[in-house]
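These notes are about the structure you will find just below.
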Amino acid sequence: MNAGQDLRHPPGSHSPARLSQGRWPARAQKLIETSYTLCVEGLHAPVRHCLGEFERQLFALADHAQRSDEQHECFASRQRVLQGRNNVLQSLMEQVGNALNELDRGAGKSTPATESSPWLSLELLDPGVQEMSMTLDQLGARGEVRHGRALYELGYRLAVLIGSPPLEGQSLPLGPHALAKAFHLASAELDLPHKHQLLLLQHFDQWVLPALAPLYDTINLHWQSAGILPQLRSIPVPRQINKRARPGMSEAAPASEPAAAAAPAAESTGKPQGGGAGEDSIHVLESLRDLLSQRRGGQGMASGDAAGPVASEDELQLALGALQQHLAQVTDHASRELRSAARLREELLAQLNLGKPADAPRTQLTSEQGDTVELVAGLFEQLGQQLQQGGNARSLLSNLQLPVLRVAVADHSFFEKREHPARQLLDTVAAAANDWLDGSDDESNRPLASKLEQLVSRANQEPPSAGLYTTLLADIEHHLALLTRKAQASERRHVEAAQGRERLDQARHRASELMAERFAQSPPRGLLRALLDRAWSDVLALTLLRHGEDSAAFKAQLAITDQLLGRLPTSDRRQLQRDVESGLQQIGMHAEEAVQVAQRLLGAGTPDPAVDLPSATDLALRLKQHQRLGEQQADHEPAPAAPASRPAVARPAPASTPKAAPPAPPEARLPAVEPRETHIEQHLRKLPFGSWFEFVDPSNGQIARRKLAWYSPMSGRCLLVSRRGQRGEEMSMAQLAHEVASGRACEVPAEPESLLDRAWHSLTGNLRQSAALARNAKPAESRRR
């Protein structure tokens, strides 16, 4: 049989050919062909959408790239995707068809003795290949978590069709493992860089894997209607953690299993298929509750196990709402701090039993309600620890604690779905307050602070719902997008200004070199010396900057210089005088003063007897006091306040004579450089634009974050800006290395995770560590007894 002509034709060309006779029964062959057709139809739209979103993200990455090579790489990958998306789709269908054709080919093959042991052949493993393999395995694992029940039925029914044991994992040709591998092989035709391949697989995980649920349901329903295991039903195994063991009872399962189950379950984003709404969310919550139970050990009753009536969900929501209204009327600082689990529990119990007689039974929280309160309080505690000191993000978090708790109590998917609106809003508010607000009452902070306070106030006043949090999230994201665009525009202006000053300094340095060569042969004196030193060298620098050293305009200015020095004959002194006046006016000298200098120097034409020209000495003094080109912007441009520990940048003083060497750069005037600072400077020069640094003020411990927006490989000057794009001190790389070596500055590594994700990981890590300590403490206590 020619496997390339069986199942590899998508809709629109022609229907897939029948499988070769004799391999499978005709009925099984027809059902498998139909399932392939359904698979082609079901994958077409999600895969095209995945490639479209990937192309848009490549464009966004290119738009925000800090280096030209990164931008070119993103644009090149985007062009390959635009040109080859149809080929990728066609190749994917071919890979799926090949997988079905090879379904049972290897079942009867024996393994040679030389291949039975993997240790007989060893080779070095490429880190990129290993990372790609791990990514594909993770995609398949997440897909199996999402569609576990449908894959269970699909594997059993396909096994019945071909007469083999149940298929699962990588052996299931239509499963997530096989589809992820097929998509990776199909996208290899695009020849993307390694990081873009990983990014494409992330989009496959985001857009294609969730869309497999209706495809699996359709295939299962078709086979079921055809009489293939019509009574097959997948029944989940009861989870042992749902029945919590009381202290003193033996544990029915190893304690490490729930802890291991919490992490993969938290990755799942698919909806449960049957068996009750939100079962996957319940699994995550129960895994975390089991860790809480293990941490408590034998220290007492679990949360909510006290005797007495328990609060219903409606009663708990009413108590939380009443507590919110009470806290909204309290203005003291202590009442607006983040609440611990014990304090939240006490305040909720007080609200639940408010107005009851003293001898009435006290209403208690259920075990699940108490654990939810403790988990949310722990999450906010970890989130507060991730924030920078001195910011007002902590007060905003405290005002969001009760609204988020109300959502977590009512909707258990808060613990499982990363895209839950309440989780996204919490993450966005925390990140915005942490990154954009510095804790000061600066005018630039007030609009965003007011916006965040209005958002948090609305979350406290209105009943919790998914629609409310979606609206609030869209509102704050729009505001942050505006701030980001303004910051990028401001940063771009400062970078362009710094690059312009760098080019001007290079032009002035070259003009000084050319002037020094001419002074060595025919040194001028008096007014001519002052003119060439203080003004005409700037004219040369400006012409060089605008037109280049090989241009006709620059050569004409050099000819004027040579005529002034007497190196070239002057045929028309009036024209020379007009050229000098025009050049001086180009660098900002007033027309009247330029005429006076040129008239006194050259004396061409008939002077006006009514005009008393200043003496040559007076004009020379004026020229020496004249501001050099570019000095006004460099000396008078205000810079935002920065930590006082950073040394001020010493700017080059204007040279008194072009014969002298150009002023030393700022780093040359620093003390002797230590080898460690040299090593740090070499590392800093390799950092990409956009790297962040933290500067600490020793006087008050305040931390200021600055981004390395630009630096010059030639002079070593670097430009640091704030989050809002405001310019900080224009330091040199040597000075920045000195600050890092002295401990007053440090590089901030890029965080691959958000604040909320880091808080979740810290919370689960602490729970696992506490549970392990509690388990280890029990045998030790038994031995002491």
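The values are calculated or read from the model by the stated rules, or taken from the named source; none is laboratory data. Note that this is a predicted model, so its numbers are computed, not measured. Cβ sites come from the backbone with ideal geometry, for glycine too, and all protein chains shown count toward neighbours. Accessible surface is based on the protein model in full, side chains and every heavy atom, while ligands, DNA and RNA are left aside. Shrake-Rupley method; radii C 1.70, N 1.55, O 1.52, S 1.80 Å.
Residues in segment 128-143 that are within 18 Å of LEU172 (Cα to Cα), buried (at least 16 other Cβ atoms within 10 Å of the Cβ) and not aliphatic (A, V, I, L, M): how many? Here the count works out to 3. Considering segment 494-509, and only residues there that are free of Cβ contacts under 8 Å to residues at least 40 places away in the same chain and surrounded by fewer than 18 Cβ atoms within 10 Å (Cβ to Cβ), the residue that is nearest to ARG534 (Cα to Cα) turns out to be GLY500. Which members of segment 153-185 meet the condition of being farther than 29 Å from LEU51 by Cα and open to solvent by 10 Å² or more (accessible area, probe 1.4 Å)? Listed by number, the residues that qualify are GLU153, TYR156, VAL160, LEU161, ILE162, GLY163, SER164, PRO165, PRO166, LEU167. The set of residues in segment 384-402 being in a helix (DSSP H, G or I) and out of contact with any Phe, Trp or Tyr (no Cβ under 9 Å at 6 or more places or on another chain) consists of GLY384, GLN385, GLN386, ALA393, ARG394, SER395, LEU396, ASN399, LEU402. Of the residues making up segment 687-722, those that are part of a loop (DSSP other than H, G, I, E, B), under 12 Å from VAL748 (Cβ atoms) and not aliphatic (A, V, I, L, M) are GLY690, SER691.
If you scan segment 191-208, which residues turn out to be open to solvent by less than 60 Å² (accessible area, probe 1.4 Å) and within 16 Å of GLY128 (Cβ to Cβ)? LEU192, PRO193, HIS196, GLN197, LEU198, LEU199, LEU200, LEU201 - these are the residues of segment 191-208 that are open to solvent by less than 60 Å² (accessible area, probe 1.4 Å) and within 16 Å of GLY128 (Cβ to Cβ).
The residues in segment 735-776 that are assigned to a helix (DSSP H, G or I), open to solvent by less than 10 Å² (accessible area, probe 1.4 Å), of a type in the set (A, V, I, L, M, F, W, C) and farther than 19 Å from PHE380 by Cβ can be counted, and the count is 3. Evaluating ARG567 against the criteria (1) in a helix (DSSP H, G or I); (2) more than 30 Å from GLY728 (Cβ to Cβ) leaves one unmet condition, (1). Set side by side, the residues LEU531, LEU545, LEU564, LEU527 differ, and just one is of a type in the set (A, V, I, L, M, F, W, C), under 29 Å from ARG503 (Cα atoms), open to solvent by 60 Å² or more (accessible area, probe 1.4 Å) and in contact (Cβ under 8 Å) with a residue 12 or more places away in the chain, which is LEU545. Taking (1) at pLDDT 85 or above; (2) closer than 20 Å to THR471 by Cβ; (3) open to solvent by 10 Å² or more (accessible area, probe 1.4 Å) in turn, LYS417 satisfies each apart from (1). Please specify each residue of segment 56-65 satisfying the condition of being assigned to a helix (DSSP H, G or I) and buried (at least 18 other Cβ atoms within 10 Å of the Cβ). Correct list: LEU58, LEU61. Residues that are closer than 24 Å to VAL404 by Cβ and of a type in the set (A, V, I, L, M) within segment 346-373 comprise LEU348, LEU349, ALA350, LEU352, LEU354, LEU365, VAL373, listed in sequence order. Only one of the numbered conditions (1) modelled with pLDDT of 80 or more; (2) out of contact with any Leu (no Cβ under 7 Å at 6 or more places or on another chain); (3) over 27 Å from ASP217 (Cα atoms) is violated by GLU123, and that is (1).
Any chance segment 438-446 includes a residue that's open to solvent by less than 50 Å² (accessible area, probe 1.4 Å), farther than 15 Å from LEU400 by Cα and in a helix (DSSP H, G or I)? Yes, some residue in segment 438-446 is open to solvent by less than 50 Å² (accessible area, probe 1.4 Å), farther than 15 Å from LEU400 by Cα and in a helix (DSSP H, G or I). Of the residues in segment 83-103, not one is among the basic types (Lys, Arg) and either open to solvent by 80 Å² or more (accessible area, probe 1.4 Å) or at pLDDT below 85 (or both).
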